[in-house]
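For reference, the structure is listed below as structure tokens.
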Amino acid sequence: TLGTQTDYRDGEAQTDPYSPEYVVPSGSVPELLTLATLTWGRGLPAGLVEVEMIERAREKRAWEATLPAMDNASHIAKRKKMMEDMERKEWAFREQEIEKLQEVRLEVLKKLLQRREENQNELDAKRLDDHWQNHQKAKEEKIKKIQHDCALMLRKLIAKRKNVMGKLERRDIIREYTDFASQTYAPLSRIGYFPDNHSERYVVKNFYLNTFAGLCELEASLPDSVTQVEIKAPKPKSTITKTGFIKRSARLEVELAQVHQALLEKKNKVKEPKRPLRFLEKVEKPVPRPPTPILEKPSIEEEETELAVICLQKLLRGRAIQNMMFEGKEKRLELIRELHTTTLTLQEDGQLLLKAEEQMTLALEQQHDLQMHKLSSVENRLAREEGRVLANMLDFLSKELVRLQEERKIHAFVMLAERQRRMLEAEESGRRQVEERRRQEEDEIFKQAGEGDCTIDSYLEDIILSTMENTAEEQAREEIQRMAVEINDIAYEMESRRTRLQSEEIVAELVYSFLIPEAEKMAMREKVRQSQRKHIFAAHQIIHRGTE
């Protein structure tokens, strides 16, 4: 009785197409009722399979109409033979359907197997890729370790090469304290310094803090103001200025206190009880509901009559729709046949195309497998050759490094032995000189004692001569010091009077005397190094060509 407006379309609210009720008149069997088993989603909308099923049902009905009556023996035999032929045709058709289903299942199984094989190939490729990546990572780590060791050994060789002769250098304290990366500021653990050891020496140890007597002494030394705290009562803030006006901050505090008090009173306010009504009030009664209508129960005869009328309406409507469908089919019979033939041809063409595509994909897969096999074999050979060449090169380099190290060690040993030999020779020569001097003194004493003609005059003469030599040496030393002081004074005076031109002349003479010869020496060394570099480069080329 009411009309409603919905926000949805009919197509959105519709689920399955509507199938109206129908009534079949007695004595008639409409063809459309044979399709009553088809529903939406199960046969509808009709496809090629449903059309074939409808055609077979029509052929079967036509065949049943041509069956002879069972009134004599000849008709019975003929009917039996026709039924056997029809049964054989149905079995053959059933076998064709089973074969089609088996082919479809085989195709599905092939696709599943192909998909499984593709997934397995992908997994194998992924595993191989992961394995290869792991090998590459290990290879890179080994190369990094070799490079690190090589750099470490080179640094050690450079450090050894700086002091090949083994000379002892004095400690340069100024350079160590100016360089913040030196051992003075940041000592290394490998040299023998461990900063974590003896850490307790950095702990503050105080007699006044670690002992009870020290604490008592410290407390006695403190003034009374530290131990006895005096608390003074705070003075109230003045809210009035010198001129007699109230400050703004005081007014704001008073207003805030009033607001706070009002809020507390409102919060703690007690609810007043309800007062009784002073006057009567009229209570309106609700409008009474209308009585519920009571439907009279119809009689059984009327109900049966109504059901029969509904059934007749359904039959009439169904027959009308059946006639409309039959007329539409008769009008478009040629179009249905044309569609039937085109679908069959399209199916055959599609099967041929599918077979051609399968053959093409198989050929491409075989070609791809062959190419991958060739590439993998080539890569394996290249990797093998690269590994062999790298192994030979690394072996050669390691042997050369060992040879250089041994050569350096032997050279160092030779230099140490030479130095020790020279020191021993110097000590031996010193001992020989001492012995020679002692022998000469003894010979001289023996001569003087043996001659017997040495007198006190010669002895005094020797003493006077030695005293004169010592006095002359002291006077010469004093004279030299005096002359040095005079020369220094003259030099300082000349330097104070010296002009810029004279300074430049002196600098030019120094440069010409010291720097220019040194630069010529460096240029000559560079020329010699360049001439030697050609021979070294040629030797390296010969060595690398041999290794390659």
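The values are calculated or read from the model by the stated rules, or taken from the named source; none is laboratory data. Here the structure is a predicted model, which means the values were calculated and not measured. Glycine also receives a Cβ, built like all others from the backbone with ideal geometry; neighbour counts cover every protein chain displayed. Calculation scope for accessible area: heavy atoms of the full protein, side chains included, ligands and nucleic acids excluded. Shrake-Rupley method; radii C 1.70, N 1.55, O 1.52, S 1.80 Å.
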Margin query: With open to solvent by 70 Å² or more (accessible area, probe 1.4 Å), at negative phi, modelled with pLDDT under 75 and in a loop (DSSP other than H, G, I, E, B) as the only criterion, which of Thr37, Thr15 stands out?
Written below: Thr15
Check: Scanning for something free of Cβ contacts under 8 Å to residues at least 60 places away in the same chain, basic (Lys, Arg) and assigned to a helix (DSSP H, G or I), does the stretch 342-355 turn up at least one residue?
Finding: yes
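Right, Lys160: touching a residue at least 12 places away in the same chain (Cβ under 8 Å) and open to solvent by 100 Å² or more (accessible area, probe 1.4 Å) or not?
Yes; evaluated as a whole, the condition is true for this residue.
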Next item on the list: State whether one or more residues within the stretch 107-117 are assigned to a helix (DSSP H, G or I), under 30 Å from Trp63 (Cβ atoms) and open to solvent by less than 100 Å² (accessible area, probe 1.4 Å).
Entry: no
Note to self: Contact list please: Cβ distance under 7 Å, first residue in the stretch 166-181 and of a type outside the set (D, E, K, R), second residue outside any helix (DSSP H, G or I), pairs at least six apart or on different chains.
What the structure shows: Tyr177/Thr184
Next item on the list: Need at least 2 residues that are exposed (fewer than 11 other Cβ atoms within 10 Å of the Cβ) and over 60 Å from the mean Cα position of the chain (by Cα) per element, so show me which helices (runs of 4 or more DSSP H) inside the stretch 200-256 make the cut, counting only ones lying wholly within it.
Entry: 212-221, 224-227
Note to self: Given the options Glu64, Glu107, name the one that is at pLDDT 90 or above and more than 37 Å from the chain's Cα centre (by Cα).
What the structure shows: Glu107
Item checked: Check on Asp85, within 52 Å of the chain's Cα centre (by Cα) and on the phi < 0 side of the Ramachandran plot -> no
Next item on the list: Kindly indicate whether any position in the stretch 21-28 is modelled with pLDDT of 75 or more, closer than 28 Å to Gly318 by Cβ and aliphatic (A, V, I, L, M).
Entry: yes
Next item on the list: Kindly check whether there is at least one residue in the stretch 310-330 that is open to solvent by 100 Å² or more (accessible area, probe 1.4 Å), touching a residue at least 12 places away in the same chain (Cβ under 8 Å) and in contact with a Pro (Cβ under 7 Å, 6 or more places away or on another chain).
Entry: yes
Check: What number of residues within the stretch 94-151 satisfy the criterion of being of a type in the set (D, E, K, R) and either in the same structural domain as Ser398 (by the TED database) or within 30 Å of Glu386 (Cα to Cα) (or both)?
Finding: 14
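A quick yes/no check of all residues on (1) closer than 16 Å to Met325 by Cβ; (2) in contact (Cβ under 8 Å) with a residue 60 or more places away in the chain; (3) open to solvent by 70 Å² or more (accessible area, probe 1.4 Å):
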| site | (1), (2), (3) |
| --- | --- |
| Tyr22 | yes, yes, yes |
| Leu32 | yes, yes, no |
| Ala46 | yes, no, no |
| Arg61 | no, no, yes |
Checklist line | Every residue from the stretch 379-401 that is among the hydrophobic types (A, V, I, L, M, F, W, C) and open to solvent by 80 Å² or more (accessible area, probe 1.4 Å) | finding: Leu382, Leu390, Leu394, Leu397
Notebook entry, point to check: Which of the residues that make up the stretch 169-190 are at pLDDT 70 or above, surrounded by fewer than 10 Cβ atoms within 10 Å (Cβ to Cβ) and within 30 Å of Gln420 (Cβ to Cβ)?
Noted result: Glu169, Arg170, Arg171
